[in-house]
Amino acid sequence: MSTPLRALLLTVLAIGGTFGLDPFRNYQLATAAACFAAVAGLTVLVGLTGQLSLGHAVLMAAGGYGFASAASAVDGPWPVALLAGLVAAAAASGALGLLLGAAAARLRGPYLAGLTLALVIALPAAANTLPLGGDQGVRAPFLPVPEPLAALIAVEQWHAWLAIATAAVAVTPLVMLRNGRAGLRMRAVLDDETASRLSGVDPGPVKAGAFAASAVPAGLGGAALAIATQQVTPGGYGLGFSLLLVVAAVAGGLGSIGGAAIGAVLVTVLPWGLDELAALAPDGLGRRLDGNLAVLLFGAGLIALTTAWPGGAARLLDRLRAARPLRLATPSTTTER
Amino acid sequence: MRTPTSKAAAALAAAALALAACSTPGGDESVPGVTDDTVTIGTHQPLTGPAAAGYSTISAATAAYFAYVNANGGINGREIEYLVKDDAYDPAATQTAVRELVTEEEVFAIVNGLGTPTHSAVLDYLDQQGVPDLFVSSGSLTWNQPDVYDNTFAFNADYVTEGAALAQYAVEQDPGAVVCVLGQDDDYGEGVIEGVETVVGSNEIAEVQTYSVSSEDLTAQLGAMMAAGCEVNVLGTINGFTAMAVGTAAQMEWFPRWYVSSSGADYPTLAGYLGEDLAPVLLQGMVSVNYLPFSPGGEWVSLFEEINAEYNDGAPFTGNTVFGMSVGYLFCEALAAAGDDPTRESLVAAVESGDLVGNGIVPLSYSGDDHAAYRAVGVTVVNEGVQDYVGATYEVSAGRVTAIEPSPVPLENEGIPGE
Amino acid sequence: MDRFVFLAAAGLARGAVLALFALSLVIVWRTARAVNFAQAAMAAAAVYAAFAVTAATGSYWAGLATGLAAGALLGAGAERGLMRRLPAHAPLPGIIVAIGLVMVLQAGLAIAFGPEHRPMHPPFSQRPFLIGGVPVLSPYDLFTLAAAAAVMAALALLFNRTPLGLQLRAAAFAPETARLLGVRVPRMATLGWALSVAAASLAALLLVPTELGLNPHAVDLLFVNAFAVAVIGGLDSPAGALLAGIGTGLLVSLVTGYVSASAAPLAVLALMTLVLLVRPGGLLAPKEARTA
């Protein structure tokens, strides 16, 4: 099945799935879809070129700010505002990604990690210095349910649709890119820079391009999040969130888009689920457990999962599939780093 | 290829029809969060993360007050269920927490959501959903926009009011002193600076310094203020940074007069940072403003101390305790006034009626076109380790500061509002 | 001029702590080729141990010794119990496990001790000496500088002048060869982690008395800045950590004093970008092999 067709099918399935969910779950689905786009970008970047970015939250924020300002500026019917917002989100995050990529091409592992980390830390300062609304951030326009659908679905479900569609628009080209010549080049650079240079592939542009290609879906993810939450604040894209994106990419399995989906759902739904679980703890244990117990359980689970399956969920699924006689083909991206 | 797609489409259509009801809005006519014997309300608070240190005790105090009310029969026969969600002071987490409270838990109202950046993130959502958004725990002016957010009400005196009152008292005590400001680099610090400027005149503040909450120290800022010859330092700082400013200055052998906004001037909390031995010395004469009844030995404090001992495991009694319980009291008063069968509309109408008195030392100013809680504040001074009101009370409106008489609300009916 | 001297002195003391923490990251990178993202939480846990002992005995020095020992134990324990189980040459699982460890430690500390800030008193006065009316370093700042310098000198000796140091470096740089030559590679990694977290704990112990007080997040910002410092200086270079630590401390202090507090993180980011553009391996990076 060709990639666009498969993407379309999955999108329709996901949108159909929203009918089975109540408004709060649909809101969670929208945030998961937004994270999925960002994690997909990150997982391709890390899995294929080995460049570790701890700053994808900032790229999401760039997309969110781009979406909010452009969509608010457009005075027209909502599809026009939405489209303008998405284009601005892709442009803002793509430009930042290209800049970062140019620097990243020269850097190795921890040095790139350090630079992107410093970027995340500087985001609140940048929001206070640049005209980005400071700590309170900027408002993104509220997109109400269109008239013909208003009787059928709630606003959360509508936003989930938009987020899912945005994620699909963000991830599909990424998958095509990964499966095409560009993906081949990225893998060549990862395997051996000298060898790739000898065969005429210059690692610099490939790495920079990969960074930009990974930044655009992250930015669109930020736009999807802005649609669901109508707000972009620097506090929402802090270090903790940025690291969660890395967790999602690794827990899902680096390089795997399916894994990115699993990882995104994991980091959006699991903390909430654990919070619910921790709320069941008897009251007598004291107030200090409030909130902290859920964080503790999440951390412990993360350690246990990673030590048991360092390759992430996608590797695990691969292994299960391999054990069966009929192996369903998925694009092989089993490069581990 | 064709088969799976069309199958999926068919399944989908069926699912859509079958499940449409599941996610469709509306339906029954009952009031969300209200049953015959309970009222469920929710809040978002930083229970974890760096902000937890300063604020996680507020919701515990509010919950303790509600437990006291429930143990005494509730309000109009209904017990109050108070759902506290942790947002770690992260606006993204606030979004999730508040949506869960509204759509899953179907709360009657959101009460005392804490923080400017966090609560800003859910302001529009609560407005769209028509959920009463009562007594926001922040002094931003954002919450007082009845034309835009008709269900949102502030609780704190706003930062501009506090800054203006502090500056007015400073000018009266000490005419001609060099006035400087240290403020947080957000709407809190900006509001205090704006308030001070309304009194001393714009560009008349000798030195303005800011810090960010992630700062590790204030050495650079205080060095600059010392060099500028500041005599009166007005602080728009949270408790931890007030303690740090006072402590750092003392290390430099510099003892200017401190005028601190209420959000950063809680004596028990500051003493926790500075140590019980140093606090009475370093904080001697510290001026602040407040609007809640925290005078040691006062009838409200005595009641709150009893509730704290019985329903809050005897947690340390601080300004946060008084704040949290006062919020609880005000909500109970509003709920009682909303009638035997409260609706979201009747709750908002009760607050807007102007009949609520709260438990402050100055009048509440809620009305149909004013969603600010306190427009006046009383001056407090620390003397030998005791922080109390000194009588001076100021009302700030339309950029003018006027002295008024305090009008404390007496304790009635053992602190349980009735009709 | 007074202001400059004052700000520079403040920046120097802050830079020493930064350099020491950055050095701890350099140690674990040199001995185990890992960046420990849990360094801050582990150091905070060690400071809690020190705090408890100081509170019980009344002795700052007993607390200090306990803190260092607790840090070393935590480091060794994390390496033996967790990091060793992960696949070699794949840095990401290690990072994820470290993030998990941060959550467990910080939530655990908050449950055990509460989220409040607990004041820690320094062993020496924090009252600065006045030189020409300008407050400069305090006795405690001098203690901090001396402690940082002593640790750096000791580690430099260990790594460059002793057989153990050579084994430590060899075990990380060429584990297979080192093993063939009789170096007990796993033991070296454990030792490297223990040394690293102990150094980080010392930096945290020096920092906390100058801050708001001890809380589970007290060391977070130090880690983030120190990581930036280690990257600026070069992850392989202790001297780079020192140079970049002092430089960054001065920069942050001066920018805060002359511009604003919120400009400081932007200045660090700008400095790092500038350094990495000119020298991608940090200020004092070792020469790399030609690749083309």
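Kirkwood hydrodynamic radius, computed over distinct alpha-carbon pairs, for region B:344-401: how many Å, to one decimal?
Kirkwood hydrodynamic radius for region B:344-401: 13.3 Å.
Identify the GluC sites (Glu not before Pro) of region B:179-219 meeting these criteria: DSSP loop state and at most 14 other C-beta atoms within 10 Å of the C-beta.
Sites meeting the loop and neighbour criteria: B:204.
Where the convex hull is taken over the Cα atoms of region B:38-176, what is its projected area averaged over directions, in nm²?
Seen from a random direction, the Cα hull of region B:38-176 projects 10.8 nm² on average.
Which order do B:35, A:11, C:66 fall in if you start with the one that has the fewest other Cβ atoms within 10 Å?
Sorted ascending by nearby Cβ count, the order is B:35, A:11, C:66.
Would you mind listing how long region A:3-267 runs along its three principal axes, going by Cα atoms, in whole Å with the largest first?
62, 44, 31
Given Cβ point charges of +1 (Lys, Arg) and -1 (Asp, Glu) and nothing else, what value in debye, to the nearest 20, does the dipole of region B:159-290 about its Cα centre take?
It comes to approximately 220 debye.
Which FRET efficiency value, to the nearest 0.05, is calculated for residue B:276 and residue A:276 with the Förster distance at 30 angstrom and r the Cβ-Cβ distance?
My answer for the efficiency is 0.15.
Give me the one-decimal nm value for the distance between modelled label points at residue C:153 and residue C:270, 7 Å along each residue's Cα-to-Cβ direction.
So the two model labels end up 3.7 nm from each other.
List the chymotrypsin sites (Phe, Trp or Tyr not before Pro) within region C:116-164 that fall in a DSSP loop (any state other than H, G, I, E or B) and whose Cβ has at most 16 other Cβ atoms within 10 Å.
Passing both the DSSP loop test and the Cβ count: C:124, C:129.
If you split all Cα-Cα distances of region B:159-290 into 10 Å bins from zero, what percentages do you get per bin, shortest first?
14, 50, 33, 3
What 222 nm value per residue comes from the helices of chain C, counting each DSSP H run with n ≥ 4 as -39,500 (n - 2.57) and dividing by all residues, nearest 500 deg cm²/dmol?
Computed mean residue ellipticity for chain C: -24500 deg cm²/dmol.
Using a Gaussian network for chain A with springs between C-alpha atoms less than 10 Å apart, which of these wobbles most: A:26, A:292, A:128?
Highest fluctuation among the options: A:292.
Mind ranking A:95-101, B:137-143 by how tightly packed they are, going by the mean number of other C-beta atoms within 10 angstrom, highest first?
Going from most to least packed, we get B:137-143, A:95-101.
Taking springs between alpha-carbon atoms closer than 10 angstrom, which of B:217, B:187, B:133 fluctuates most in the Gaussian network model of chain B?
Looking only at B:217, B:187, B:133, the biggest GNM fluctuation is shown by B:217.
Measure nothing but the geometry: give the 0 to 90° angle between the long axis through the Cα atoms of B:116-129 and the longest principal axis through the Cα atoms of chain B, rounded to 10°.
30 degrees
So what's the back-of-envelope 222 nm ellipticity for chain B, counting only DSSP H runs of four-plus at -39500 (n - 2.57) apiece and dividing by all residues, rounded to 500?
Here the helix-only value at 222 nm equals -13000 deg cm²/dmol.
Tell me, which longest segment in chain C has none of the trypsin sites (Lys or Arg not before Pro) that fall in DSSP loops with at most 13 further Cβ atoms within 10 Å?
It works out to C:1-183.
For helix B:319-337, what angle does its Cα long axis make with the longest principal axis of chain B, in degrees from 0 to 90 and rounded to 10?
50 degrees
At q = 0.06, 0.09 Å⁻¹, what is the base-10 log of I(q)/I(0) for the protein assembly as shown according to the Debye formula with one equal point scatterer per Cα and no solvent? Please give it to two decimals.
-0.46, -1.05
With no solvent and one equal point scatterer per Cα, compute the Debye intensity ratio I(q)/I(0) for chain B at 0.10 Å⁻¹ and report its log10, rounded to two decimals.
Evaluating at q = 0.10 Å⁻¹ gives log10 I(q)/I(0) of -0.67.
Long-range amide H contacts for residue C:34: which residues qualify at under 5 Å (H placed 1.01 Å from N, peptide plane, sequence gap of 5 or more or a different chain)?
Answer set, sorted by chain and number: C:29.
Gaussian network model of chain B, Cα springs within a sub-10 Å range: biggest mean-square fluctuation belongs to which of B:238, B:41, B:404?
Among B:238, B:41, B:404, the largest mean-square fluctuation in the Gaussian network model of chain B belongs to B:404.
With a/c under 1.5 counting as rounded, go ahead and sort region C:14-218 into rounded, prolate or oblate using the C-alpha gyration tensor (a ≥ b ≥ c being the square roots of the eigenvalues; past the cut-off, prolate if a/b is larger than b/c, else oblate).
Since a/c reaches 1.5 but b/c is at least a/b, the shape of region C:14-218 is classed as oblate.
May I ask for the distance between the Cα centers of region C:125-175 and region B:264-285, given as a whole number of Å?
With region C:125-175 and region B:264-285 each reduced to a Cα centre, they are spaced 34 Å.
So if R0 is 35 Å, what FRET efficiency would residue B:106 and residue B:306 give, r being the distance between their Cβ atoms, rounded to the nearest 0.05?
Numbers: r = 33 Å, r/R0 = 0.95.
Computed FRET efficiency for residue B:106 and residue B:306 comes out at 0.60.
Coordinate-derived values only; no laboratory data. Please read all numbers here as calculations on a predicted model, not as lab measurements. Ideal geometry is used to build each Cβ from the backbone, glycine not excepted, and the neighbour counts take in all protein chains shown.
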